[in-house]
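Q: Okay, here's the structure, questions in a sec.
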Amino acid sequence: MRTQIRALATAVAISAAYLFSSPALGEDSAAPVGSALSTLESWLGPGANGTAWANYLHLQALHAELAKNDAANPAAIAATLKQLDSQAAGLELDAFVKLRDSLRLWSETLAVAQAPGLPEAAVGSAENFHPITAADVAKDKAALAATTTQLDQYLTPGGANGAAWKKYLHWDDLETQLKSDAPDATALSAVHERLTADHEGLELPIFANVATALARYLNDAAALKADLRAQYVAHLNGLAEELKQYADGHAEETAVALGGRLGWLEDMRQAVALVRAVRNRYSHPNLHVEVSSRLVAAGIEQPVDETAPIVDVILGTDISGSGRTIGKIVVQLLPSGDKATLETTLVGTTSSRTVGRNGPATIFADGTTQIRGSKRMVIDANGFASFPATATAATKTQITGVSARLGIIERIATKKVYKSKSQAEQVGSSHAAERVRHRVDSQASEQLSNVHGQYISKFRNPLLRRNEFPAMLNLSTTKDSLFLAALQADRNQLGAPAAPPDITVVHDMAVQIHESLINNLTAALLGGLTLKEEDLQRKVIELRGSLPEQLKSDEDRDPWSITFAKARPVTVKFADNGFQVTVRGQRYTSGEREFRAMNVTAEYKFEISGAGSRFVRQGDLQIVPPGFAPGQTLSVQQVTLKTLLQRKFGKLFEPEIKSEGLVLPGRWRDAGRLDIKQLQAGGGWLVMAWIESGVPASPETAPAKVAQTEP
């Protein structure tokens, strides 16, 4: 049982929380209105005051529109909304506010659904502008103060550690600005930058809540000073044009522009229904992975042959001896739609030889115990968890001898042993089951804890700190396969515009990845980042234990660095059974020399070659400055930089890259190589599928490690 948990973690890694929360337009968006209306009318009551309010708000007409469901008239609903926005005394009370907010969203949803298309819906949303008021900003500031107080109460008892956190967060500046009637946005932005840095611990809700509240306050405070309505209309007009362009070709540059506009609208809490509709139409999961139960089993199932001591007390008899367990660990996928659910089971037979001592008598016995111990594990976006193990055992014993110093005692003991044999077997079975249960639990707990810890510390928390954890990360299982679906897109990005191409071959593992996943993630993690050669080498060594030849430094060359462009720092395009990758550097250095922006592009075509694949670069690397047009001439400095980049990136983007099939780590290596059966690229998607060949992989050779220097 010790290794199957580690193998399970690898299975999930091969497969690479929450479901995207925006409902589709077809859902009952009128339900919250009906609920809020019912609450308001119950609160108002049937008296004269309630009747006056009902007449003022045109509630009878609103009931008529609610009865029409999706055919309701947004113009008719606007009459009630206008009254709710009239700022009459009392309308600030909670019951009125809830009706206003739910009615506004329903009205926008209807307008979007009834528009001829999304571009028209964008233009039509210009009438739905909602100003951000001084009251909104005051409410934001109060929420920020509340979360800051909670963080203060958390940090203050922490002594030196709490004081260090406050120093890091510029706490004095934060408190000063919160007390000011005119806070300095620059000072608060510096605090927000600290709160959202990749610093361990900042993913905790007590910190994240302050970061969220601070971002909301800064957004609204800036909006209050700007001509928000004009910006809103400009964004809607731009959105309409870009939606037309995107519908025609799904260009990556247009997706970036669309994502930015949607992010702005969300930040300003505008056109909620429109933003939701665009995302529902054009932002789908951009990663799909499927792993067959056969492949999962190949890396987890294993034979068991173990010998262990037995020490027990059964019916007052002290038992000692040893037992040999021969069996197998098997794994089963269990159907589950919202998490991956697996059950590992130890099935085997323990053959034992024991000696029991009870008073003057010694009992010799051979036993056979059929054992079965199961452990159920679940995996979702939050990590790895398990249920308590269950176990059963059935013991049969054969008395091979009873001895005592006196014959009469031996005869009495023998008679008593055989009389209690059945009861002793029942007790022994119960004890054996408890030992199996404890064994399965204890062995799994340590391994699961390590795997869960690695997932949290290396994947989940770093992305949470950057606000880049997938908007959707869903694992599920059927009895035949484990599935993973992910949407990597923050509020300023889009996912895949459509579903992936089909897997058309029989397979044990399949991956469908859209270029938006890579482009979104690199934009978030590399945009504006300065990466030094030694930092890259150190990170690679940390991850894989050695440094590939392509990343080793040239002994006769100066160390280099790259500062990635803030927008689209690294992008890929999947098309025509190939891909194109572009690295955009805003600034480069080589030793003491500094160079301006330059882009490096490599284009490959690929094909299945035997059990593996073959990637062939198309021509030389394209190395040109941004905006470079054919016929232009490079400067002397640009030619120098091009030569340097040709040497560096030429090692990474080799003329030809071959794969002889996919070899997975651990027990999967022993199970055999995976042969690729489908490899295609088009429409922004890369689709790969492999099948287990049964051909053993060549022995793994440990790569030579490169000496590390202290940072």
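The values are calculated or read from the model by the stated rules, or taken from the named source; none is laboratory data. All values reported here derive from a predicted model rather than from experimental measurement. Reconstructed Cβ throughout: ideal geometry from the backbone, glycine too, with neighbour counts over all protein chains shown. Please note that ligands, DNA and RNA were not included when accessible areas were found on the heavy atoms of the full protein model with its side chains. Shrake-Rupley method; radii C 1.70, N 1.55, O 1.52, S 1.80 Å.
Q: Checking Asn128 against (1) open to solvent by less than 40 Å² (accessible area, probe 1.4 Å); (2) at pLDDT 90 or above, which single condition isn't satisfied?
A: All conditions are met except number (2).
Q: Separate question: Asn577 passes all but one of (1) touching a Lys or Arg at 6+ places or on another chain (Cβ under 7 Å); (2) modelled with pLDDT under 90; (3) open to solvent by 60 Å² or more (accessible area, probe 1.4 Å); which number fails?
A: Every condition holds for Asn577 apart from (2).
Q: Here is a check on your reading of the model: is Leu239 crowded, with 18+ Cβ neighbours inside 10 Å, of a type in the set (A, V, I, L, M) and touching a Lys or Arg at 6+ places or on another chain (Cβ under 9 Å)? It would help to see each step written out before you state the result.
A: Details: crowded, with 18+ Cβ neighbours inside 10 Å: yes; of a type in the set (A, V, I, L, M): yes; touching a Lys or Arg at 6+ places or on another chain (Cβ under 9 Å): yes.
Yes, satisfied.
Q: Looking at Ser429, is it closer than 30 Å to Ser283 by Cα, among the small types (Gly, Ala, Ser) and part of a helix (DSSP H, G or I)? Don't jump to the end; show me each part of the working.
A: Values: closer than 30 Å to Ser283 by Cα: no; among the small types (Gly, Ala, Ser): yes; part of a helix (DSSP H, G or I): yes.
No; evaluated as a whole, the condition is false for this residue.
Q: So which residues in the range 219-241 are within 12 Å of Ala185 (Cβ to Cβ), of a type outside the set (Gly, Ala, Ser) and either at pLDDT 95 or above or out of contact with any Asp or Glu (no Cβ under 9 Å at 6 or more places or on another chain) (or both)?
A: Matches in the range 219-241: Lys225 only.
Q: Among the residues of the range 373-416, how many are of a type outside the set (Lys, Arg), assigned to a helix (DSSP H, G or I) and open to solvent by 50 Å² or more (accessible area, probe 1.4 Å)?
A: Taking the range 373-416 first, the residues of a type outside the set (Lys, Arg) are 373-374, 377-395, 397-404, 406-410, 412-414.
If we keep only those that are assigned to a helix (DSSP H, G or I) too, we end up with 407-410, 412-414.
Next, from what is left, pick out any that are open to solvent by 50 Å² or more (accessible area, probe 1.4 Å): 408-410, 412.
Residues that pass the stated criteria total 4.
Q: Could you check how many residues of the range 588-637 are outside any loop (DSSP other than H, G, I, E, B) and more than 25 Å from Trp690 (Cβ to Cβ)?
A: Count: 15.
Q: Being modelled with pLDDT under 95, buried (at least 16 other Cβ atoms within 10 Å of the Cβ) and in contact with a helix residue (DSSP H, G or I) (Cβ under 7 Å, 6 or more places away or on another chain), is that true of even one residue in the range 179-187?
A: The answer is yes; a qualifying residue exists.
Q: Show me the helices (runs of 4 or more DSSP H) entirely contained within the range 1-82 in which 2 or more residues are modelled with pLDDT of 85 or more, open to solvent by 50 Å² or more (accessible area, probe 1.4 Å) and in contact with a Lys or Arg (Cβ under 9 Å, 6 or more places away or on another chain).
A: Values: elements: 4-15, 31-44, 48-56, 59-67.
Here the list reads 31-44.
Q: Going by what's in this entry, would Ala271 be described as at pLDDT below 95, among the small types (Gly, Ala, Ser) and out of contact with any strand residue (DSSP E or B) (no Cβ under 9 Å at 6 or more places or on another chain)? Reasoning before the result, please.
A: Working: at pLDDT below 95: yes; among the small types (Gly, Ala, Ser): yes; out of contact with any strand residue (DSSP E or B) (no Cβ under 9 Å at 6 or more places or on another chain): yes.
It is true that Ala271 is at pLDDT below 95, among the small types (Gly, Ala, Ser) and out of contact with any strand residue (DSSP E or B) (no Cβ under 9 Å at 6 or more places or on another chain).
Q: Then there's this: In the range 444-503, how many residues are open to solvent by 50 Å² or more (accessible area, probe 1.4 Å) and part of a strand (DSSP E or B)?
A: As a first pass, look at the range 444-503 and keep what is open to solvent by 50 Å² or more (accessible area, probe 1.4 Å): 445-446, 449-450, 452, 454, 457-459, 464, 466-467, 478-480, 483, 491-492, 499, 502.
Of the ones still in play, those that are also part of a strand (DSSP E or B) are 483.
Here the count works out to 1.
Q: Could you grab me the full set of residues in the range 85-125 that are surrounded by 16 or more Cβ atoms within 10 Å (Cβ to Cβ) and not in a helix (DSSP H, G or I)?
A: Leu91, Ala115
Q: Please identify the pairs in which a residue from the range 125-149 that is among the acidic types (Asp, Glu) has its Cβ atom under 9 Å from the Cβ atom of a residue that is open to solvent by 30 Å² or more (accessible area, probe 1.4 Å), counting only partners at least 6 apart or on another chain.
A: Going by the 9 Å Cβ cut-off, the qualifying pairs are Glu127/Ala78; Glu127/Ala111; Asp136/Leu224; Asp136/Arg269; Asp140/Arg216; Asp140/Leu218; Asp140/Asn219.
Q: Does the range 283-295 contain any residue that is among the aliphatic types (A, V, I, L, M), within 24 Å of the chain's Cα centre (by Cα) and not in a strand (DSSP E or B)? Before you say what the answer is, go through the steps one by one.
A: Residues of the range 283-295 among the aliphatic types (A, V, I, L, M): 287, 289, 291, 295.
Right, trim to within 24 Å of the chain's Cα centre (by Cα) and you get 287, 289, 291, 295.
Those still in the list that are not in a strand (DSSP E or B) too: 295.
Yes - at least one qualifying residue is present in the range 283-295.
Q: OK, next. Restricting to the range 617-626, name every residue that is among the β-branched types (Val, Ile, Thr) and either open to solvent by 40 Å² or more (accessible area, probe 1.4 Å) or on the phi > 0 side of the Ramachandran plot (or both).
A: Here is the first cut: in the range 617-626, the ones among the β-branched types (Val, Ile, Thr) are 623-624.
Answer for the range 617-626, where residues must be among the β-branched types (Val, Ile, Thr) and either open to solvent by 40 Å² or more (accessible area, probe 1.4 Å) or on the phi > 0 side of the Ramachandran plot (or both): just Val624.
Q: A further question on this structure: Going through the range 653-701 one residue at a time, which ones are of a type outside the set (A, V, I, L, M), over 19 Å from Val505 (Cα atoms), modelled with pLDDT of 85 or more and within 27 Å of the chain's Cα centre (by Cα)?
A: Hits for the range 653-701 are Gly683, Gly684.
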